[in-house]
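Any read-out appearing in this document is the output of simple, stated calculations on the displayed coordinates, not a laboratory observation. All of these numbers come straight from a predicted model, not from anything done at the bench. Ideal geometry is used to build each Cβ from the backbone, glycine not excepted, and the neighbour counts take in all protein chains shown.
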Amino acid sequence: MPDVLLLTLLLAAVAIGWWLGRRERSKRPDPAPSPGLARDYFVGLNYLLNDQQDRAIETFVGALEVNSETIDTHITLGNLFRTRGEADRAMKIHQNLLARPTLTSGQGDRVQLELARDFLSLGLLDRAERLLKGLIRESQDDEIRLAAKRLLVDLLEREGEWAAAYEVAHPQLLRQSEETRRAAAHWLCQLAEEERHNATPVLARRHLRQALNVDARCVRANLLLADLEHDTAHYRQEIALLSRIPDQDPAFTPTLLEPLSRAYRLLDDEEGLVDHLHALLEASPYTSVIILLAETTRHRAGIEHAIDLVSEQLNREASLGALDYLIDLYRQSSQGEALAQLELLQRHTRTLLGKLPRHRCRRCGFAGDQLHWQCPRCRSWGTTKPITGIEGE
C-alpha cells in the first residue's frame, strides 16, 4: 500500500508540474521546447508498467523539480520513504531540500524537523539532537517548536537522560498531555532508583514526591517511597505508603502484597496483617490476596479454616489460581486414592497456570511474567498491570 500511494503521488506531482510548466511557457512570446521532463515522465511510466517500482520512483523523484509549488510534495515523498523503512532515501531528499537557497524560514524549519525524524529512524541520535535543539531555540513557528520538543523528549528518553527529558517537557508538554505527565513521573522514579542505589535517599525522596506532584496516580512512586522507609526500618510508615496504592490504582493491589506482609512480619503483627488483608479482599477479591490471607489463616487456625475461606471466595468469583491453591490444601489433608486424584488434578492446573502470563500492557497487549514500568513493545509508561479475571487476579 505505501508503494502504491508513493507512486500515485509521484505520478500526480510530475504530471501537475509538467502541465504547470507548459502553461507558463505558453504565456511567453517565444516558448522554447523542454522535452526533458516529458521524457523522464514516460521513462518512469515504462519502469512502472514493467513492475520496476524502485527505478520508477527514482526517475519520478529526479523529474520533479524543486520549487515553491512542489516543496510540500518533496517533504511528503521523504516521509513516505521513511514510512516504508527507507529512511536513508528520505534523508537524501530532505537534505537536498535543505540545500536550496530559495526556501523560506518556515519551509526550512519543516524540512529540518523531517530530517531530524530521518536521523532518529537511522539511529543518528547526536545529529537529530542538534537539529531539534536548534529548532526549539530558533524557530518562530510554535507548532514546529512543540513538535521538536516532543521528538527531543522521545530521543532523550531512549538514551536514559531522564533529567534532561523532564527539563524539556516541563512545563509546556506536561500541561498538554496526561500521557506525558505519566511518563515524566516515571522519569523521576528512574532518577530516584539511581539515587537510592547511590545511597542518596534525600534526593530520591525529593524526586519521588515530585513524581507524585506530577502524577498523583503514580503507583511506582509510593512503592519506592515504601522501600526507602523499609531501608530505615520505619515499617509503620512503609505500611502507610503501601496502603495508598489501592486508591491510586486497585489493579496494582497484588504488587504491594509482598512488601506489605514483610513489613507486618518484621513488626510481629500478624493480626494487623490479617485485618489489612480482609480490608483489601472486601475492596478487590484478587487471587493473590485470597491466597496470602488463606496461608496466614492456615498457620494461625489450621487448614480447615483456610479451606473454608478459599471455598467461600471461589463461590463469589471464579479463579484458576485460587482453585489450584484449594486443591493443594485438600491434597495436604488427603491420602490414598483421593490424594492421587488430587495430585493429577493439580498437575493440570499447574500446567495451565505455568503457561499464563501475569502482566499485560493495557495499550498494546504485550504480556509476560515480569512487571515492566515501561512496556518493551509500545514504550508506554505505567500501562502494564497485573492480569485480572479467571486466569489472573
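Quick look at the numbers
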{"item": "Shape category assigned to the range 189-328 from the gyration tensor of Cα positions, a/c cut at 1.5", "result": "prolate"}
{"item": "Between the range 136-211 and the range 325-388, the alpha-carbon center distance in angstrom", "result": "35 Å"}
{"item": "Whole-Å semi-axes of the range 141-187's equivalent ellipsoid (Cα gyration tensor)", "result": "16, 13, 8"}
{"item": "Stretchable slack from D141 to E194, in nm (0.36 nm times residue separation minus alpha-carbon distance)", "result": "15.4 nm"}
{"item": "Among 214-224, 82-92, 148-158, 364-374, the order from most to least packed when residues are scored by Cβ within 10 Å on average", "result": "214-224, 148-158, 82-92, 364-374"}
{"item": "Pairwise label distance in nanometres, H299 with A283, each label 7 Å out on the Cα-Cβ vector", "result": "2.3 nm"}
{"item": "Using a Förster distance of 30 Å, the FRET efficiency for D328-R262 (Cβ separation, nearest 0.05)", "result": "0.85"}
{"item": "D126-D249 pseudo-label distance in nm [points 7 Å out on the Cα-to-Cβ vector]", "result": "3.7 nm"}
{"item": "Difference of contour (0.36 nm per residue) and Cα-Cα distance, E159 to L353", "result": "66.2 nm"}
{"item": "Whole-Å semi-axes of the range 132-270's equivalent ellipsoid (Cα gyration tensor)", "result": "36, 15, 10"}
{"item": "Residue-by-residue Karplus 3J(HN,Hα) for the range 105-119, coefficients 6.51, -1.76, 1.60, Hz, glycine and proline x", "result": "4, x, 5, x, 5, 4, 5, 5, 5, 5, 5, 4, 5, 4, 4"}
{"item": "Gain in span if fully extended, N96 to H170, counting 0.36 nm per residue against the direct Cα distance", "result": "23.2 nm"}
{"item": "Kirkwood-type radius of the range 246-353, with distances r between different C-alpha atoms, in Å", "result": "14.7 Å"}
{"item": "P(r) weight above 18 Å for the range 65-169, C-alpha pairs, percent", "result": "47 percent"}
